[in-house]
1. Checking ALA127 against (1) open to solvent by less than 50 Å² (accessible area, probe 1.4 Å); (2) out of contact with any Lys or Arg (no Cβ under 6 Å at 6 or more places or on another chain); (3) over 16 Å from LYS230 (Cβ atoms), which test does it fail?
2. For segment 58-98, which positions are outside any loop (DSSP other than H, G, I, E, B) and among the polar types (S, T, N, Q)?
3. For segment 209-228, how many residues meet the condition of being over 17 Å from PRO40 (Cβ atoms) and either in contact (Cβ under 8 Å) with a residue 24 or more places away in the chain or among the aromatic types (Phe, Trp, Tyr) (or both)?
4. Filtering segment 184-210 down to residues that are out of contact with any Gly (no Cβ under 8 Å at 6 or more places or on another chain) and of a type in the set (A, V, I, L, M), which residue is nearest to ALA37 (Cα to Cα)?
5. Would you mind finding the one in ALA105, ALA127 that is part of a helix (DSSP H, G or I), farther than 20 Å from LEU184 by Cβ and small (Gly, Ala, Ser)?
6. Do we have any residue at all in segment 75-96 that's closer than 27 Å to ALA132 by Cα and open to solvent by 70 Å² or more (accessible area, probe 1.4 Å)?
7. Given the criteria within 17 Å of the chain's Cα centre (by Cα), buried (at least 16 other Cβ atoms within 10 Å of the Cβ) and not in a loop (DSSP other than H, G, I, E, B), does PHE260 qualify?
8. Please go through segment 108-121 and give me each residue that is open to solvent by 30 Å² or more (accessible area, probe 1.4 Å), in a loop (DSSP other than H, G, I, E, B) and either touching a Gly at 6+ places or on another chain (Cβ under 8 Å) or of a type in the set (Asp, Glu) (or both), ordered by number.
Amino acid sequence: MGGRAGTAVVVEVDSGKIIATYHPEVAARTLARPGSAFKPFTLLALLQSGKLRATDSLTCRRNLHVGQHDLSCSHPQTGPLQAVSALAYSCNDYFATFGSRLTAADLHDAFMRAGLGSPSGLTSDEATGSIAVPHTQEDLELQAVGEGEMRVTPLEMLAAYRKLASRKTAPDTNDAERTVFAGLEAATEYGMARLASVKGVKVAGKTGTSRNDHGAWTHGWFVGYAPANKPEIAVVVFLERGTGPADAAPMAGEIFRKWFENKKPESNTENKNPEGKKT
């Protein structure tokens, strides 16, 4: 982390055991808006409710203002976006537009089902986030892109992604979940989280850059898991000052890289017979 103000936590997907941490008190006690790291749960709510099809498309208008908030998109100019590419590129226009198809209760309930707004259970003495029910169309659009009246801890975000990752290999995984998984993998392949990618292991994850209440600076987020096809670890990086794509994502990439390098000797040992020959 290079002494940066913030936190990073690595957890085993299967057990929920924390295996590495930087500034754990920040992970447990800091409350902040999650920004675009929330979007997988907005997309999941849309798809599972039947209010969006994975093939529904929208051409990003680039400039987006919701009330007094400038949410203009910074991703590369592309053609029409569908669910997977919109999540990969973190298109605010897509999520604000289609997110408004949900009712306030739909959106709030989806976030609560993900475990957001409740203790993560990963440690004791943690703060509890809050997610307000949107009251206006403006509130709903802000909520859909992770910039509404909501505050979560880094541990809550990590627990939500761990829960999502655990569904990757579940026997009853549904089409909505598979679309979200594909979007998170595309985000690290060519999207806004591509600096978290690691040679030799497939990573899935999402960045976020969120506003704060104390100044003009932003918080930087990355939350994700690896290997994407059979998740073993989930990672959160939260920076008190920074952006998701440029700052948090490469730090997460270093964590994934080091984890993968440390695993390789274990894999080689497991593949040898008692005489030391590879099987």
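1. (2)
2. SER85, ASN92, THR97
3. Qualifying residue count for the region: 7.
4. Filtering first and then ranking leaves ALA186.
5. Criteria check complete, one pass: ALA105.
6. no
7. Considered against the rule, which asks whether it is within 17 Å of the chain's Cα centre (by Cα), buried (at least 16 other Cβ atoms within 10 Å of the Cβ) and not in a loop (DSSP other than H, G, I, E, B), PHE260 comes out as no.
8. Answer for segment 108-121, where residues must be open to solvent by 30 Å² or more (accessible area, probe 1.4 Å), in a loop (DSSP other than H, G, I, E, B) and either touching a Gly at 6+ places or on another chain (Cβ under 8 Å) or of a type in the set (Asp, Glu) (or both): SER118, GLY121.
The values are calculated or read from the model by the stated rules, or taken from the named source; none is laboratory data. What you see is a predicted model, and the numbers here were worked out from it, not measured in a lab. A quick note on method: Cβ atoms are made from the backbone with ideal geometry, for glycine too, and the neighbour counts reach across all protein chains shown. We work out accessible area using only protein heavy atoms, side chains counted, and drop any ligands, DNA or RNA first. Shrake-Rupley method; radii C 1.70, N 1.55, O 1.52, S 1.80 Å.
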